[in-house]
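Undergrad: Before we start, here is the structure in question, set down as structure tokens.
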Amino acid sequence: MRALIIIPAYNEEENIQATVEELTGLYPDYDYVIVNDGSLDRTSRICKEHHYHLISLPLNLGLSGAFRTGMKFAYRNGYDCALQYDADGQHDPRYIGALMTKMQETNADIVIGSRYVEDKKSFGMRAAGNSIISAFIKLTTGKTIKDSTSGMRLYSRRVMAWFAKYINFEPEPDTIAFLIRCGAKVEEVQVGMRPRQAGKSYFHFTTVVSYMTRVCSSILFMQWFRKKEPL
């Protein structure tokens, strides 16, 4: 199974080299591409200096735009699947093989690297938000997703084609819920996550509340107005 690892990166000069070196050290035969999302720091320069595989966007499009750029690249270049992978060091590459195996064994459309298949959720706002989103996905689709907010997701080629075609969907839990309603098969694999290695996280109290409101509203209301198309 030919896979592409997509690494969206915005202002990740402190993390990008360690992230890529760890990934390529463990999986030298895996293809990857960094999508530099209009970074204002040295992210692009570091990638060019080390001859990393790079797509550099002239403007900051946000995670969704960077992710879709990577998915279009994967689709047009004939990859069988594509992995969404953080540039900040939180994702542990040792689990990539398990996600690939799960997709092959189950013929899944999406495999989520989940923190909570075997481990219990910790206490805190983000964990509570994760549980609420998972509950809404269960309510609207009947599918139990234990780690709805995990950003480590492996997508099959037919989902890749879907993201390459449509521009108004984000790599977020509400889109996962919609894809389930369109017939996507979703599986989870236990993984471990690490703290951000350097730099600042986007999430704090205000952004967590805003994120929760937007995603839950989309799952409960907005997604029902979208036209379902079989994958």
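Undergrad: Give the lysines whose C-alpha is closer than 25 Å to that of Lys227, dropping any in the same chain fewer than 8 places away, or say none.
TA: Within the straight-line limit of under 25 Å, Lys227 reaches these lysines: Lys72, Lys138, Lys143, Lys165, Lys185.
Undergrad: Counting C-alpha atoms alone, how compact is the chain: give Rg to one decimal and Dmax as a whole number, in angstrom.
TA: Values for the chain (Cα only, Rg and Dmax): 16.8, 49 Å.
Undergrad: Another question, if that's okay. Compute the length gained on full extension between Gln17 and Gln190: take 0.36 nm times their separation in residues and subtract their Cα-Cα distance, giving the result in nm to one decimal.
TA: 59.7 nm
Undergrad: Counting Lys and Arg as +1 and Asp and Glu as -1, each charge on the Cβ, what is the dipole of the chain about the Cα centre in debye, to the nearest 20?
TA: Charge dipole of the chain: 880 debye, to the nearest 20.
Undergrad: Among rounded, prolate and oblate, which fits segment 1-96 when a ≥ b ≥ c are the square roots of the eigenvalues of its C-alpha gyration tensor, a/c under 1.5 means rounded, and a/b larger than b/c means prolate?
TA: It comes out oblate by the Cα gyration axes.
Undergrad: Indicate the gyration tensor shape class of segment 51-154 (rounded, prolate or oblate), computed on the Cα atoms with a ≥ b ≥ c the square roots of the eigenvalues: a/c under 1.5 is rounded; otherwise a/b larger than b/c is prolate and the rest oblate.
TA: prolate
Undergrad: Can you work out the accessible area per residue across the chain, with the rest of the protein chains kept in place, probe 1.4 Å, in square angstrom?
TA: Here the per-residue accessible area is 49 Å².
Undergrad: Could I ask something else about it? Positive end of the charge dipole of the chain (Lys, Arg +1 and Asp, Glu -1 on Cβ, about the Cα centre): tell me which of Ala18, Ile46, Gly129 has its Cα farthest that way.
TA: Value: Gly129.
Undergrad: For the chain, list the DSSP H helices whose alpha carbon atoms reach 27 Å or more along the long axis and whose average Kyte-Doolittle value is 0.0 or above?
TA: Helices meeting the span and hydropathy rule in the chain: none at all.
Undergrad: Under 19 Å from a point placed 7 Å out from the Cα of Glu49 along the Cα-to-Cβ direction: which residues of segment 4-19 have their backbone N that close?
TA: Of the residues in segment 4-19, 9-19 have backbone N under 19 Å from the label point off Glu49.
Undergrad: Over the chain, what is the relative contact order in percent, taking alpha-carbon pairs closer than 8 angstrom and at least six residues apart?
TA: 23 percent
Undergrad: Would you please classify the overall shape of segment 3-46 from the alpha carbon gyration tensor, given that a ≥ b ≥ c denote the square roots of the eigenvalues, rounded means a/c under 1.5, and beyond that prolate means a/b larger than b/c while oblate covers the rest?
TA: It is oblate, given that a/c is not under 1.5 and a/b is not larger than b/c.
Undergrad: How would you rank 146-152, 62-68, highest first, on the average number of other Cβ atoms within 10 Å across their residues?
TA: So the peptides 146-152, 62-68, ranked by packing, come out 146-152, 62-68.
Undergrad: Rounded to whole Å, give me the distance from the Cα center of segment 38-83 to that of segment 84-139.
TA: 22 Å
Undergrad: Give the carbon-plus-sulfur fraction of the accessible surface of segment 1-138 in %, rounded to a whole number; probe 1.4 Å, heavy atoms of protein chains only.
TA: 49 percent
Undergrad: While we're on this one: Within segment 157-186, find all residues whose amide N lies under 11 Å from a label point positioned 7 Å from the Cα of Ser131 along Cα-to-beta-carbon.
TA: From segment 157-186, the list is empty.
The values are calculated or read from the model by the stated rules, or taken from the named source; none is laboratory data. This is a predicted model, so every value here is computed, not measured. Using ideal geometry, Cβ is built from the backbone for each residue, glycine included, and neighbour counts are taken over all protein chains shown. Just so you know, the surface numbers come from the protein's heavy atoms only, side chains and all, with ligands and any DNA or RNA stripped out. Shrake-Rupley method; radii C 1.70, N 1.55, O 1.52, S 1.80 Å.
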